Amino acid sequence: MTTERFDLNQVQQLEDKYIMTTYARQPVLFVRGENSTLYDSVGNAYLDFISGIGVNVLGYDHPRIRRVLSEQASLMHTSNLYYHPYQGLLAEQLTQASGLARAFFCNSGTETAEAALKLSRAWQRRQGRENKYEFVSLTGSFHGRSMGSLSVTAQQKYREPFEPLVPGCNFIKAGDHHEARTAINERTAAVIVETIQGEGGVRPQSPEYLQTLRDACDAVDALLIVDEVQCGLGRTGKTFAYQHSPIQADILTVAKPLGLGVPLGAIVVAEKAVDGFRPGDHGTTFGGGPLACRLSLEFFEELNEGQLLQHVNETGDYFKQKLLHLQESYSSIIKEVRALGLMIGVELTFPTKNFPTKMLERGFLMNSTNETTCRFLPPYIITKAEIDAMLTAWEEVLVEEAKAAEEN
Ligand SMILES: Cc1ncc(COP(=O)(O)O)c(C=O)c1O
């Protein structure tokens with residue numbers, strides 16, 4: 001099958017007829033990629049500043065991915081009924097990097113939240129605390145779209161069509177120390193927090209607030225679930241974003257870049273909570289298969305070599321400085337620049353919904369989140385010259401959109 005045969009109009013017509021309309025896609029048909037660049041069906045190039053929403057962190061057509069994909073073709077899947085060589089090795093990497101004890105593998109970020117919530121309830125029950133089943137989550141949070149993960153997702157627009165959701169899920173105002181201390185109580189099984197909220201607009205929790213959540217959990221024997229599906233695994237310049245603070249998680253959740261494009265998620269669990277799950281309590285057919293785990297081991301080799309994280313820090317700082325400079329020039333419309341490593345949000349004073357299309361027309365991929373925030377999650381291999389090129393186009397769009405907002 002050659003990619004030249006594909007035509008955007010034909011693909012759109014086919015999807016309009018047969019695909020459920022849960023997404024409003026951008027009008028572009030990607031057929032291949034190389035480094036940080038994607039190519040469409042008519043040969044146009046696009047610099048990628050969203051990486052498939054934080055997944056394609058080594059870019060496209062990376063030699064390590066190419067090699068594993070061909071070598072692992074003879075054993076892509078075994079199920080969890082049997083051993084294969086790579087799951088244990090990957091669990092070792094995750095536990096060594098986090099200081100936690102054991103891992104459970106699944107296939108997506110949503111499934112990690114689901115596993116973490118189930119583990120918390122099962123663990124509390126095993127301690128003889130049947131009534132300790134509630135969850136505390138934060139305003140602005142996003143943890144997934146299954147009934148469990150959605151129940152601890154604050155944003156009303158995602159929840160409304162599916163209510164009533166799982167009972168016992170309570171929301172506290174992100175950053176409010178007093179509310180955290182009072183709402184986390186003897187009925188709380190676990191607290192779930194994104195170290196940096198992604199879908200909520202790239203909003204970091206301060207180290208002090210994370211410490212307050214940690215202390216409040218410890219005071220009532222609740223577990224602390226740290227959701228690093230979007231901000232973890234090198235995105236912020238450290239292996240995990242919570243490592244910028246003094247806290248440790250009881251359950252850490254990771255996914256997105258973990259399988260380098262092949263679906264893979266994991267929860268990594270502290271020693272005290274690992275016996276929450278006993279054989280048969282939880283499971284998955286695909287989770288932690290040989291292809292995904294082997295790709296992930298290649299990713300960890302890149303992370304452990306050190307240059308990749310250093311590059312994320314350097315390019316992330318450069319990106320942030322350039323944005324702060326732009327903020328000086330456009331102080332009346334750039335409200336806030338929120339950036340750690342290559343997880344970057346720029347909040348404007350007006351809606352950002354037109355930015356992705358206008359940037360696409362100029363050959364750049366990025367996205368808009370939480371109404372007024374431009375979000376950038378480039379591959380970790382992005383270069384300063386590529387950042388410069390993107391920001392030149394972004395500034396043009398910024399000026400255009402500010403003018404349009406003023407006229408409305
Ligand atoms: C912090 C966080 N948790 C969970 C999820 C859900 O992950 P997935 O879409 O892989 O199910 C996301 C997805 O964006 C996320 O950002």
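Annotations
- Ranked by the mean number of other Cβ atoms within 10 Å per residue, highest first, peptides 327-340, 7-20, 353-366 order as 353-366, 327-340, 7-20.
- Cα gyration tensor shape of the stretch 86-227, rounded if a/c is under 1.5, else prolate or oblate by comparing a/b with b/c: rounded
- Dividing the helix sum by the residues of the chain, where each DSSP H run of 4 or more adds -39500 (n - 2.57), gives a mean residue ellipticity at 222 nm of -11500 deg cm²/dmol.
- In terms of the mean number of neighbouring beta-carbon atoms within 10 Å, the peptides 297-306, 97-106 order highest first as 97-106, 297-306.
- Measuring against 25 Å, Cα to Cα, the residue pairs Lys157/Lys238; Lys358/Lys384; Lys238/Lys384; Lys157/Lys320; Lys322/Lys353 contain Lys157/Lys238; Lys157/Lys320 as the ones spanning a longer distance.
- Under-5 Å amide H pairs with Thr195, H placed in peptide plane, nonlocal only: Asp227
- C-alpha center-to-center spacing [the stretch 161-195, the stretch 373-392] in angstrom: 35
- Anisotropy class of the stretch 220-355 from Cα gyration tensor, a/c 1.5 cut: prolate
- In this simple spin-label approximation, Thr383 and Glu34 carry label points 7 Å from Cα along the Cα→Cβ vector, and these lie 1.3 nm apart.
- Ordering of 308-314, 377-383, 39-45 by packing [mean C-beta count within 10 Å, highest first]: 377-383, 308-314, 39-45
- Inter-label distance, nm, simple model (7 Å from Cα along the C-beta direction), Met76/Arg181: 5.5
- Near the amide H of Phe171, within less than 5 Å, lie the amide hydrogens of Ser137, all on another chain or at least 5 residues away, with H placed in the peptide plane.
- Residue-count net charge about Glu194 - beta-carbon cut-off 11 Å; Lys, Arg +1, Asp, Glu -1: -2
- Phi angles across the stretch 26-43 convert, under the Karplus curve 6.51 cos²θ - 1.76 cosθ + 1.60 with θ = phi - 60°, into 3J(HN,Hα) values of 6, x, 8, 10, 7, 10, 6, x, 8, 6, 9, 10, 10, 10, 8, 5, 10, x Hz, Gly and Pro given as x.
- A simple rule links phi to the HN-Hα coupling: the Karplus curve 6.51 cos²θ - 1.76 cosθ + 1.60 with θ = phi - 60°, which for the stretch 74-82 gives 7, 8, 8, 8, 10, 6, 8, 7, 10 Hz, with x for Gly and Pro.
- For Cys106, the amide hydrogen comes within under 5 Å of the amide hydrogens of Gly265, Ala266, Ile267, Gly288, counting only partners 5 or more places away or on other chains and with H modelled in the peptide plane.
- Global form of the stretch 94-152, assessed from the alpha-carbon gyration tensor, a/c cut-off 1.5: oblate
A short reminder: the numbers here are calculations on the coordinates, not readings from a lab. The model shown is predicted, which means the values in this text are computed figures rather than measured ones. All Cβ positions, even for glycine, are placed from backbone atoms using ideal geometry, and neighbour counts span all protein chains on display.
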